[in-house]
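The values are calculated or read from the model by the stated rules, or taken from the named source; none is laboratory data. Bear in mind that the values here come from a model prediction, so they are computed numbers and not experimental data. Here Cβ is always computed from backbone atoms with ideal geometry, including for glycine, and neighbour counts include all displayed protein chains.
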């Protein structure tokens with residue numbers, strides 16, 4: 001990472017508790033939708049979800065990110081009530097079990113689900129649409145005064161593969177962030193993490209280009225999240241399956257940390273935490 005470039009904002013106010021991002025942290029993925037591209041949990045099996053969450057916490061996750069709606073390319077939408085049915089009991093169980101020790105993120109782009117999730121204990125809203133799919137989600141975030149993950153995306157999952165067209169990938173994503181950050185500030189939303197949106201409305205080559213230049217976004221003075229965990233640009237390049245790319249994934253996590261990532265959103269917590277420890281030893285050598 002270039003010397004002198006650091007995210008200005010290193011703490012986020014999560015409903016009265018401070019999330020410290022002076023050192024990189026891990027956000028653990030908890031999928032309770034049955035059709036996620038990798039590792040779905042049964043939302044009806046609360047104990048199974050809690051065991052998964054407990055393992056993530058024990059391995060060093062700072063944030064648990066729970067989502068009930070698959071956003072893999074081509075995935076269809078489901079009714080709001082179905083998404084909330086998947087989220088409600090697992091989210092409430094996680095809040096009861098870990099609420100005082102861990103930060104909980106709700107992975108949703110719907111305002112109504114976001115509002116219910118916050119009322120059930122979520123500290124952060126992680127929106128893959130940057131407010132494009134349901135603009136009212138920004139009203140919820142502002143009203144509830146919770147941190148917001150602003151991700152770059154261009155279209156809903158069922159059609160986003162058809163919208164992977166750019167004249168200048170990094171410049172267009174940068175302009176998107178500049179515009180959306182300005183609009184969010186106007187609404188009074190200040191605690192924002194940016195996410196370049198790996199795998200969303202992007203080709204395999206776009207994802208590699210983005211990773212090579214991702215430190216560009218640090219000049220926006222916001223903490224940055226990188227979510228590349230087991231994504232298709234890795235396993236398709238290797239002619240492999242998502243289960244086969246953990247080593248490569250960890251290598252690219254190191255690259256993301258070197259480029260200034262504050263948050264790694266991952267399926268494999270232990271390996272990501274180890275990667276952060278090795279990165280910090282390397283950086284301080």
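Some observations on this one:
- When residue 256 is tested against (1) without any contact (Cβ under 8 Å) to a residue 60 or more places away in the chain; (2) surrounded by fewer than 20 Cβ atoms within 10 Å (Cβ to Cβ), just one condition goes unmet, and that condition is (2).
- Positions within the stretch 160-182 being buried (at least 17 other Cβ atoms within 10 Å of the Cβ) and within 19 Å of residue 76 (Cα to Cα), in sequence order: 160, 164
- Within the set 105, 129, the sole residue that is closer than 18 Å to residue 263 by Cα and out of contact with any helix residue (DSSP H, G or I) (no Cβ under 6 Å at 6 or more places or on another chain) turns out to be 105.
- Test for residue 185: is it more than 19 Å from residue 166 (Cβ to Cβ) and either touching a strand residue (DSSP E or B) at 6+ places or on another chain (Cβ under 9 Å) or surrounded by 23 or more Cβ atoms within 10 Å (Cβ to Cβ) (or both): yes
- Residue 106 vs. criteria closer than 25 Å to residue 56 by Cβ, touching a strand residue (DSSP E or B) at 6+ places or on another chain (Cβ under 9 Å), free of Cβ contacts under 8 Å to residues at least 40 places away in the same chain and crowded, with 19+ Cβ neighbours inside 10 Å: no
- From 270, 236, 283, residue being farther than 17 Å from residue 197 by Cβ, out of contact with any strand residue (DSSP E or B) (no Cβ under 9 Å at 6 or more places or on another chain), surrounded by fewer than 22 Cβ atoms within 10 Å (Cβ to Cβ) and in contact (Cβ under 8 Å) with a residue 40 or more places away in the chain: 270
- Neighbours by Cβ (under 9 Å, 6+ apart or cross-chain): first from the stretch 84-102, without any contact (Cβ under 8 Å) to a residue 40 or more places away in the chain; second part of a helix (DSSP H, G or I) and crowded, with 19+ Cβ neighbours inside 10 Å: 84/113; 84/116; 84/117; 88/116; 88/117; 91/116; 91/117
- Some residue of the stretch 138-159 being modelled with pLDDT under 95, more than 18 Å from the chain's Cα centre (by Cα) and surrounded by fewer than 18 Cβ atoms within 10 Å (Cβ to Cβ): yes
- In the stretch 188-221, residue surrounded by the fewest Cβ atoms within 10 Å (Cβ to Cβ) [restricted to those that are at negative phi, under 14 Å from the mean Cα position of the chain (by Cα) and at pLDDT 95 or above]: 192
- Within the stretch 13-35, the presence of at least one residue that is at pLDDT below 80 and out of contact with any strand residue (DSSP E or B) (no Cβ under 8 Å at 6 or more places or on another chain) is confirmed.
- Those residues of the stretch 231-259 which are outside any helix (DSSP H, G or I), touching a helix residue (DSSP H, G or I) at 6+ places or on another chain (Cβ under 9 Å) and modelled with pLDDT of 95 or more, in sequence order: 240, 245, 259
- Test: residue 145 is on the phi > 0 side of the Ramachandran plot and touching a residue at least 60 places away in the same chain (Cβ under 8 Å): yes
- Selection from the stretch 42-67 of residues that are modelled with pLDDT under 90 and buried (at least 16 other Cβ atoms within 10 Å of the Cβ): 43, 46
- From the list 163, 182, the one residue that fits, being modelled with pLDDT under 95 and either closer than 25 Å to residue 15 by Cα or more than 17 Å from the chain's Cα centre (by Cα) (or both), is 163.
- Residues being part of a helix (DSSP H, G or I) and either within 17 Å of the chain's Cα centre (by Cα) or under 30 Å from residue 179 (Cα atoms) (or both) - total across the stretch 85-132: 11
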